[in-house]
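Encoded as structure tokens, the structure appears first; notes follow it.
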Amino acid sequence: MHAWPINIKPFSDELLSSWLIRTSLANGSDPSSLVGAIWGNWRVWTVDIDRSAPIDRLSTLSKVSGMSIERLKNMTLQPAIEFILKQSNLNSRQAWQWVIPTGSRNRTRINGLHFCSECLKESPVYFKKSWRLAWDTVCPKHHNLLSVACPACSSTISPHLVTFENVDLRKCVVCRYDLTQVPAIKADKAVVNLQDFVDSLVLSPCKTPEYPLGILDASELFEVLHFLVIFLHTAYKGLMPFQRLFSELDLRIEDAHFSHLPGTTFESYPVLERYFLMQAVSRIFMRSREDVIKLFVQTGLTQQMLSDSDGRPKIIEEIYEKLLNNGRNATLTKHPKKPIKPRSKTEVDALMDEILPFL
């Protein structure tokens, strides 16, 4: 394929798929036809190219678009996740921590891309990298909760399915409902602030930030954040300490409506569940480490409750050590039995006199 006649400049926070969709429409095509002309039989819309794309595929795209491979790669989520996890060469066949999975059925998506109805009112319409990151539950610009599906037909937003006859990216590709009409629900300011802070670490790092709880760097922040959201999700068990904890954070477990399907992860939780958990974490992060320890102790959390998740970051380990050990051996450890002392000969003889009549 030769270079296309109209080049569309990507936005700094735009997903690779979004840029491809806009490019196809600008050149009088549709997404399916464009990628077919670029890559032939490669069924690009059945894979998650917004996570990563093979280097040979990016090389082909670079030739027809005139954009460098590095710039194309930076439109995917791979650099951000490599930065968070301090890993390279991530396995594209496995789920990635912090990336919302798409869950494709052929070209139809059943999860993944979220959107802000207010952003869709702006021109040009495009889809942002932050809308695929699990901690992002709120539009950073309009401070509204993100949506994932059409309220009219419940179809997950799938802009790659637009055709040249129906090019409006503001419309549901299934029922043509106007997605700009999705009601805007304002978010908690604490969630917005935490999300902006986390986004700045990954998407636009510029200066050395001040981390909460004495955390030292971005990698440790993400470890603590992930531990806390998984730990707080165990609140569905309804234990009184969890209820007291959420009450102290001015939240209600009943408002969370937690679902617990087998095999689910934070990245696949519904947006409202992730938002509720981010609310709780944001209010924990606003406290000092000493206040968090005091909060956990006073609400009755135990070491056993903090052990439900795999692996504890260093800061969580320090909190863990301050909690009550309510295990089976806790009483023996804290209150050992008095040593058994031998009885005197007089006491033994008296006991024998009582036993002899029964022998």
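Considering the range 118-163, the residues that are touching a residue at least 40 places away in the same chain (Cβ under 8 Å) and basic (Lys, Arg) include one that is surrounded by the fewest Cβ atoms within 10 Å (Cβ to Cβ), namely LYS121. Restricting the range 244-279 to residues that are more than 30 Å from GLN94 (Cα to Cα) and modelled with pLDDT of 90 or more, the residue that is surrounded by the fewest Cβ atoms within 10 Å (Cβ to Cβ) is ASP250. Could you tell me whether any residue of the range 144-151 is in contact with a Pro (Cβ under 7 Å, 6 or more places away or on another chain) and in the same structural domain as VAL162 (by TED's automatic domain parsing)? Taking every residue of the range 144-151 in turn, none turns out to be in contact with a Pro (Cβ under 7 Å, 6 or more places away or on another chain) and in the same structural domain as VAL162 (by TED's automatic domain parsing).
Cβ separations smaller than 6 Å between residues 6+ apart or across chains give the following pairs from the range 5-18 residues that are among the hydrophobic types (A, V, I, L, M, F, W, C) to residues that are assigned to a loop (DSSP other than H, G, I, E, B): ILE6/ASN27; PHE11/TYR126; LEU15/ASP50; LEU15/PHE127; LEU16/ILE49; LEU16/ASP50; LEU16/MET75; LEU16/THR76. Scanning the range 233-249 for residues that are over 22 Å from the mean Cα position of the chain (by Cα) and within 16 Å of ARG283 (Cβ to Cβ) yields GLN243, ARG244, SER247, GLU248.
The values are calculated or read from the model by the stated rules, or taken from the named source; none is laboratory data. Just so we're clear, the structure is a prediction, and the values are computed from it rather than from any experiment. Here the Cβ is made from the backbone with ideal geometry for all residues, glycine too, and neighbour counts use every protein chain on show.
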